[in-house]
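Nothing in this text is a laboratory measurement; each read-out follows from the coordinates by a stated rule. For clarity, every value in this text was computed on a predicted model and none was experimentally measured. Cβ coordinates were reconstructed from backbone atoms using ideal geometry, including for glycine residues, and neighbour counts include every protein chain displayed.
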Amino acid sequence: ANGFVVSAGEMGENITTRGVALLGLPNGTRLHVGVSAVVKLTGLRNPCAQIDRFQPGLLAAVLGRDTNGGLVRKAGVMGVVLVGGEICPGDEIRVELPPTPHQPLERV
């Protein structure tokens, strides 16, 4: 997007997703990936200048500002593996929300 060609894994991510609005999920959300793997979301990925070494200008593309001028991080989320397992391209991802009240993901 935004004129950048980025393939899966090229920004250092371990899992690349499609069709899951990760940035809007609450802290503590569990992602069930494939048959058995479970990842618990812990925060927003805080992109750094290393991303610009991959492609100049990419850092600016994964950062934005909200209507109040606050920084919006769009580079992905961080999580911890609760249950390991083999995952494959095309595996289903099931989202399990934590109990309410939900807390937004914060910078990690």
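General remarks:
- Total charge dipole magnitude, segment 14-96, about the Cα centre, Cβ charges on Lys, Arg, Asp, Glu only, Debye to nearest 20: 240 debye
- In segment 38-107, taking the dipole from charged Cβ atoms about the Cα centre, the farthest positive-side position among Pro47, Val81, Leu97 is held by Pro47.
- Using only the C-alpha atoms, the convex hull of the chain corresponds to 118 Å³ per residue.
- Beta bridges per DSSP with both ends in the chain, % antiparallel, nearest 5: 95 percent
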